[in-house]
Amino acid sequence: MKTKKVKIERGSGNVFADLEYPDAEVHLLKAELVTRIDQIIRQRGLKQVEAAKLLGLSQPDVSRLLRGSFREYSVERLLRLLTALGRNVEIVIREPRPQQLGQLSVRA
């Protein structure tokens, strides 16, 4: 059996940048926020219909959001969805480390 050599490339840590999406940092931030929303919904054992009521969305919209269709959602709207799920959201602005560009990140 012949084996093919596969070239492995180290990613940047942002799949959207690796795929050369415009606004890659914003896409990554949105993905991280949606991941947190999904985790909260799962932790609370909510069905999508129940989550939809809390979030002020339809069940199909919740389904699409949790499957990764979040392009039409602004960061602000995703933050509001987190607060609707009972989370406090803080925005902290800091100086970057020396010789680094500023970056967006989510911590829970």
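Return the total of residues in region 62-74 being without any contact (Cβ under 8 Å) to a residue 12 or more places away in the chain and outside any loop (DSSP other than H, G, I, E, B).
Of the residues in that region, 1 qualify.
Looking at region 91-104, is at least one residue part of a loop (DSSP other than H, G, I, E, B), within 18 Å of the chain's Cα centre (by Cα) and of a type in the set (Lys, Arg)?
Scanning region 91-104 turns up no residue that is part of a loop (DSSP other than H, G, I, E, B), within 18 Å of the chain's Cα centre (by Cα) and of a type in the set (Lys, Arg).
I need the full set of residues from region 28-61 which are closer than 20 Å to GLY102 by Cβ and free of Cβ contacts under 8 Å to residues at least 40 places away in the same chain, in order please.
ALA31
Give ARG77, ARG87 a once-over and let me know the one that is charged (D, E, K, R), closer than 24 Å to LEU104 by Cα and assigned to a loop (DSSP other than H, G, I, E, B).
ARG87
Which residues, taken from region 68-95, are more than 12 Å from ARG36 (Cβ to Cβ), among the hydroxyl-bearing types (Ser, Thr, Tyr) and exposed (fewer than 12 other Cβ atoms within 10 Å of the Cβ)?
SER74
Considering only region 96-108, state which residues are surrounded by fewer than 13 Cβ atoms within 10 Å (Cβ to Cβ) and either among the hydroxyl-bearing types (Ser, Thr, Tyr) or within 13 Å of THR35 (Cα to Cα) (or both).
Those that are surrounded by fewer than 13 Cβ atoms within 10 Å (Cβ to Cβ) and either among the hydroxyl-bearing types (Ser, Thr, Tyr) or within 13 Å of THR35 (Cα to Cα) (or both): SER105, ARG107, ALA108.
FYI, it's all coordinate maths here, none of it is from the lab. Bear in mind that the values here come from a model prediction, so they are computed numbers and not experimental data. Neighbour counts are summed over all protein chains in view; Cβ atoms, including those assigned to glycine, are modelled from backbone coordinates with ideal geometry.
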